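Enquirer: Pasting a structure here, questions to come.
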Amino acid sequence: MENLFTWGGGMWGGIGLAVLQILSMVVIMLVCIAFLLLFDRKVWAAVQLRKGPNVVGPFGLLQSFADLIKFVLKEVIIPAGANKTVFLLAPIITLTLALVGWAVIPVAPGWVVANLNVGVLYLFAISSLGVYGIIMGGWASNSKYPFLGGLRSAAQMVSYEVSIGFVIVTVLLLVGSLNLSDVVENQAGGIWNWHAFAFPTIFVMFPMFVIFFISALAETNRPPFDLPEAESELVAGYQVEYSSSPYLMFMIGEYVSIVLMCAMLSILFFGGWHMPIPIPGVEGLPDWLLSLGGLLVFMGKITFFFFLFAMVKAIVPRYRYDQLMRLGWKIFLPTSLVAVVIVAGYATFTNAGIRPGFDALDTNKSGALEAPELAAVTLPAGMDRDKDGVISWNEYRRNSGAVN
């Protein structure tokens, strides 16, 4: 497991380092959400020929922080007849699950809290649990509108989770790894190597990108799929009875999930931290500078996808519930299934995503690979290995020209 930093030794040092990484990620994420929320409101206002928030701070930059203070200072009102424990636990679960999903997101080369080899499965598990917070909030409110909103959200999220899962499978077939860092490294070399644009898989993977993007809108209850909280039908859905800090936690959890989906779009289809056109000569720069540049590129891509989310919210009318379900089950699901079959066939006949025998490779005491065909190849100095001495295929290919 790679960490953002390398200092700290022993058990307590490791625990302290992990806590520092988690706190840093949470603080940075919350600050970014504050400005992205303002950006969302500004885009919506621009589409409607308004200025948007422009009073609190220069150009309204402090509006989100003023809203934070307002929410925190308000009274927490719990409806009569509500299950108090579940009512207060629901927004905490929603926000916590949204934040912990970021633990496996590589934001730059080597900058990841937990570089899990099963990072994709981890995200599947976290996203599947996310619906529980909404259902609990809708049921515990002891009100009809929140309950109906919770039921709608559960059906909607489960329906589009299936399509998202099959879309991710097509990417994994091309990469041959469940590690998100490997997914990014597989797209190194420029925009022509990104999964959304690489030839000849562009004819399958670009439609998969579109399906993932639309499914992400439904998964995060974002317009035009905001049926669980439709104002004209359910007032505010599962959030009707919430106020003050609990309501704020629901809102922050929703935006953290949206940004997570933007990050996944970047990682799976748009090369993660890699630039569209490689800059020659940057390999000689210090590692921290390369990582910082990769972070800025990654943040730029997230902002671009968030802008698309904001534009869809501003210009696309809300779907009816039957249209929502028909799109998910009758169009996206069959299409993604066919794509899985096509990509699996392509990977089989072209060895895409296949690392034959590499999982069995190990290193001896001198650092040379023990496999017969690579016995004479020495690993480049400084290459990281896990506790078993095994390195990933992408890492070896990235650091050595002996194997392509």
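Enquirer: Can you give the Rg/Rh ratio of the range 230-347, where Rg is from the C-alpha atoms and Rh is the Kirkwood radius?
Expert: Looking at the range 230-347, the ratio lands at 1.09.
Enquirer: For every other residue with a beta carbon closer than 13 angstrom to the beta carbon of GLN156, add +1 if it is Lys or Arg and -1 if Asp or Glu, then tell me the sum.
Expert: 0
Enquirer: Listed highest first by mean packing, meaning other Cβ atoms within 10 Å per residue, what order do 78-86, 189-197, 106-114 come in?
Expert: 106-114, 189-197, 78-86
Enquirer: Seen from all sides and averaged, what is the projected area of the convex hull of the Cα atoms in the range 171-212, in nm²?
Expert: Mean shadow area of the hull around the Cα atoms is 2.8 nm².
Enquirer: In whole Hz and in residue order, list the ³J(HN,Hα) couplings for the range 344-351 that follow from phi through the Karplus curve 6.51 cos²θ - 1.76 cosθ + 1.60, θ = phi - 60°; x for Gly and Pro.
Expert: 4, x, 4, 5, 5, 7, 10, 6
Enquirer: Please give the contour-minus-distance gain from PHE39 to ILE315: 0.36 nm per residue of separation, less the Cα-Cα distance, rounded to one decimal in nm.
Expert: Using 0.36 nm per residue and subtracting the Cα-Cα distance, I get 97.8 nm.
Enquirer: What residues have an amide H closer than 5 Å to that of TRP111, excluding those fewer than 5 places away on the same chain, when H is modeled at 1.01 Å from N in the peptide plane?
Expert: none
Enquirer: When the chain is fully extended, how far beyond the present Cα-Cα distance does VAL341 get from THR85, taking 0.36 nm per residue of separation?
Expert: Taking VAL341 through THR85 to full extension adds about 87.5 nm, to one decimal.
Enquirer: Using θ = phi - 60° and the Karplus form 6.51 cos²θ - 1.76 cosθ + 1.60, what ³J(HN,Hα) does each residue of the range 321-334 get, whole Hz, x for Gly and Pro?
Expert: For the range 321-334, the Karplus curve yields 5, 5, 5, 4, 5, 5, 4, x, 8, 9, 10, 5, 5, x Hz.
Enquirer: Using the alpha carbons of the range 155-249, what is the convex hull volume per residue in cubic angstrom, as a whole number?
Expert: So the per-residue hull volume is 136 Å³.
Enquirer: Same structure again: How many percent of all Cα-Cα pairs in the range 8-141 sit more than 17 Å apart?
Expert: Counting every Cα pair in the range 8-141, those more than 17 Å apart make up 73 percent.
Enquirer: I would also like to ask the following. Going through the cross-link list LYS42/LYS313; LYS51/LYS74; LYS51/LYS313, which pairs have a Cα-Cα distance over 22 Å in this structure?
Expert: Beyond 22 Å between Cα atoms: LYS51/LYS74.
Enquirer: Based on alpha-carbon atoms only, what is the radius of gyration of the range 70-215 relative to the globular estimate 2.2 N^0.38 Å?
Expert: 1.32
Enquirer: Can you work out the Karplus-derived ³J(HN,Hα) for every residue in the range 167-172? Use 6.51 cos²θ - 1.76 cosθ + 1.60 with θ = phi - 60°, whole Hz, and x for glycine or proline.
Expert: 4, 5, 4, 4, 5, 5
Computed from the coordinates by the stated procedures, all read-outs in this text should not be read as laboratory data. These numbers were taken from a predicted model, which means no experiment stands behind them. Every residue, glycine among them, receives a Cβ derived from its backbone with ideal geometry; neighbour counts consider all protein chains shown.
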